[in-house]
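For reference, the structure discussed in these notes is given below.
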């Protein structure tokens with residue numbers, strides 16, 4: 001399944017192919033949000049990012065060790081939480097939500113993906129969408145982790161873009177959706193209002209996941225009269241579907257073991 005909202009059937013085949021490619025990239029970013037955010041990513045920025053040059057030229061620098069440690073530690077925490085079979089699915093979701101809440105500004109990410117449609121939305125509508133967006137990210141990641149054993153994500157370096165702007169690079173290995181081929185990731189790290197590190201965007205092979213999700217949500221909203229509440233319900237339904245699928249898989253696994 002893809003994290004993006006599907007567009008209408010009337011759209012041309014070429015447009016659908018382009019949208020599908022973007023959606024698949026967006027999904028790769030969202031499914032890796034456990035490393036953050038995140039999500040996805042939540043995890044996510046307010047401008048499109050350029051592909052990190054370090055991936056294309058020579059050895060990757062380690063310009064910001066503290067930011068690298070921040071990212072790697074949270075990658076490890078995300079894996080540990082979502083892979084802990086001693087916890088109930090709900091407890092894993094709660095723990096993962098707490099992790100994401102501590103390392104990303106989920107509302108900031110969600111608001112960015114709404115783009116200009118935030119202007120016509122009320123405060124409660126935006127809050128509801130932000131909650132649904134984060135819950136959707138969590139559901140996608142829980143679904144993906146259970147189906148991707150052996151997948152690893154490791155920090156490889158970093159580049160300081162500005163005093164309060166670091167890009168941390170990482171490499172995903174063993175992803176079944178990439179047929180096992182390595183995937184280059186980028187986590188943009190900035191400071192929050194309290195001066196703590198926070199993830200504000202995720203890149204997959206140089207593509208900003210914030211921008212990809214914003215494009216997909218904008219297409220949906222254009223076709224539904226800017227109905228932010230409707231998009232919120234769409235994300236809630238998709239999160240529920242992921243969880244229902246996972247529950248059925250667990251039931252089937254238990255039945256087959258007897």
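The table for this structure:
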| read-out | value |
| --- | --- |
| Sites residue 196 and residue 237 - FRET efficiency at Förster radius 30 Å, r taken between beta-carbons, to 0.05 | 0.35 |
| Residue order, fewest to most beta carbons within 10 Å, for 200, 109, 166, 207 | 207, 166, 200, 109 |
| Order of 236, 68, 205, 244 under a 10 Å beta carbon neighbour criterion, fewest first | 244, 205, 236, 68 |
| Label point distance in nm, residue 90-residue 178, each placed 7 Å from Cα along Cα→Cβ | 3.6 nm |
| Rounded if a/c under 1.5, otherwise prolate or oblate - the stretch 170-221, Cα gyration tensor axes | oblate |
| Value of relative contact order over the stretch 68-216, rounded to a whole percent, pairs C-alpha under 8 Å and six or more apart | 20 percent |
| Packing-based exposure ordering (other Cβ within 10 Å, fewest first) of 119, 92 | 119, 92 |
| Relative contact order (%) - the stretch 167-238, alpha-carbon pairs under 8 angstrom, separation at least six | 18 percent |
| Length released on extending from residue 229 to residue 79, taking residue separation times 0.36 nm less the Cα-Cα span | 50.8 nm |
| Rg to Rh quotient for the stretch 96-179, alpha carbon positions, Kirkwood Rh | 1.05 |
| Cα gyration tensor shape for the stretch 169-258, rounded if a/c is under 1.5, else prolate or oblate | oblate |
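Read the figures in this text as sums done on the coordinates, not as results from a lab. What you see is a predicted model; the values in this text were computed from it and never measured. Note: ideal-geometry Cβ built from the backbone for every residue, glycine included; neighbour counts use all protein chains shown.
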